[in-house]
Structure formats: C-alpha cells, structure tokens
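What follows is a single structure, written as structure tokens, with notes after it.
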Amino acid sequence: MAEAEIVRYDTSNLQVLAPAEEMVVRNREQHDLACELLAECRRVKASIKKFYADVKQPFADKLKTVRGWEKADLDVVETHEDALTAKVSAYRDRERKRAERVAEAKRQRLQEAAEREAMERAEQEADDPVVAAELEALRSSGPATVTTKQPDFSGTAIGDRAVWKAEVTDFQALCRAVADGYVSTEPLVEPNWPALHRLATAMGEMLEETVPGVRAVKHTGLVRRR
C-alpha cells in the first residue's frame, strides 16, 4: 500500500481574492467587478474542498482498514477470554461444591462422634455398680403415684383472672436481641450444657473452631478402673 502524502493547497491562488476586502461597490462597473470576484471566490472554494477531499481519502481508507483489523483482533482475544472465563467459573463452582461436601461430611463425623461418646458414657455409667443399683431400685419401685389435693373453693367466690405467659415465636431473633445487649433482670437464654459437654468430649480443642463462642476446657478427674 502506497503511503498517503500530506500536502497543502497552493495558497498563491488566493492572492487574486485580496481586493475583496477593500473593494467598494458604488456603480455598475464596480458591481460587475465584485460579481466576477465573487464567482472566483466560489470557484476557489470548490477547488479547495475537492483538493482536501482528495488528500483525506487515502487516510479515510486507511482508518477503515485499521478499524477492521482492530475488530478482528479484539474478536479473537474476546473469544479466548470468554472461554477462559467460563472454565474458571466452572472450576470455582466445582470447588465451592466440593468445599460444601467436605464441610458437611466433617459436620456429620463430629455429630456421629458426639453421639458415640454419649452412648459410651451412658454404657459406662450403666456398668457402674452404684448407678446400676439406683436404676434397679427405680425399676423395681414401679411408677410413682402422685396424689393431687384438689383445692376447696366452698364458700369462696370464683372468678376469671388473666395470666400472661411468654411464647417464643422466633428463637433466633431472641438470641440476636440478647447478643445485641438487651438488658433483663434474669437470663433469657441459657446454654444447653449437656449437649455442649458432649460436643467438647467429642471434638476437644476443635470445639472453638466449630461452635462460635464456646471453647473446650480440659479437667482432670479420677476414673474408676475395673
């Protein structure tokens, strides 16, 4: 492709228009001269437009070609970019699902370990002679009989009295209120100590990482050996 040449219109052709600034039109002869000069202005104007149109045309063709190259190159890159984006997204989705499966499996293992520990503790307690004797005494005594004395309302006026009792409609909202510092004269939420102790026995130091706000504390005690 030949290089486009940048050239300027020959301004020497504009000298013939110089008298236009000082020309005075007061009679027919001056009028005719002004009309001839005006026609020359229009001819030179058309010549300038055509000249610069011819000068700009090669650059316009080159710009069109360059824009075509740009689009083609970008299409190639964007095709690769879209393919890689889809693959990265698919990998991240697989990793997220795998992490969820691992976490669920870990949670199930911890729960099963806690349940086994609770069962083993119950079996050990059942093997204890003292505990076994107490259980046998309870079984042999049969069901307890509860005698309820009915109140005597004779000679007393009977009426209805409204008694208000609380009903928890959203336990999580209650816990959030306590965590946010809701002040009460009595504790509104208390830990489930038996369940937490079973988890501590099963998980040990991992309890703090699994259950927020709780840590396992090791205590040393005496164990009866058989």
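Here are a few things to note about the model shown:
- Dipole magnitude for segment 16-110: computed about the Cα centre from +1 point charges on Lys and Arg Cβ and -1 point charges on Asp and Glu Cβ, it is near 1120 debye.
- Counted by Cβ distance under 13 Å from Ala105, the other residues give a net charge of +3, where Lys and Arg count +1 and Asp and Glu count -1.
- Note on Ala18 and Ala103: the extension gain reaches 21.5 nm, defined as 0.36 nm multiplied by sequence separation minus the Cα-Cα distance.
- Semi-axes of the equivalent ellipsoid of segment 41-80 are 38, 6, 4 Å, computed as sqrt(5λ) over the eigenvalues of the C-alpha gyration tensor in descending order.
- FRET efficiency, Val178 to Glu205 (Cβ-Cβ, R0 22 Å, nearest 0.05): 0.25
- For Lys49, net neighbour charge (Lys/Arg +1, Asp/Glu -1) across residues whose Cβ lies under 13 Å away: +4
- Whether segment 16-110 is rounded, prolate or oblate, judged on the alpha carbon gyration tensor where a/c under 1.5 counts as rounded: prolate
- GluC sites (Glu not before Pro) lying in DSSP loop within segment 1-109, provided at most 11 other Cβ fall within 10 Å: Glu3, Glu5, Glu21, Glu22
Quick note: the coordinates plus some simple rules give every number you see, no bench work behind them. Given the structure is predicted, the values throughout are model-derived calculations rather than measurements. Note that each Cβ is placed from the backbone with ideal geometry, even for glycine, and that neighbours are counted across all protein chains shown.
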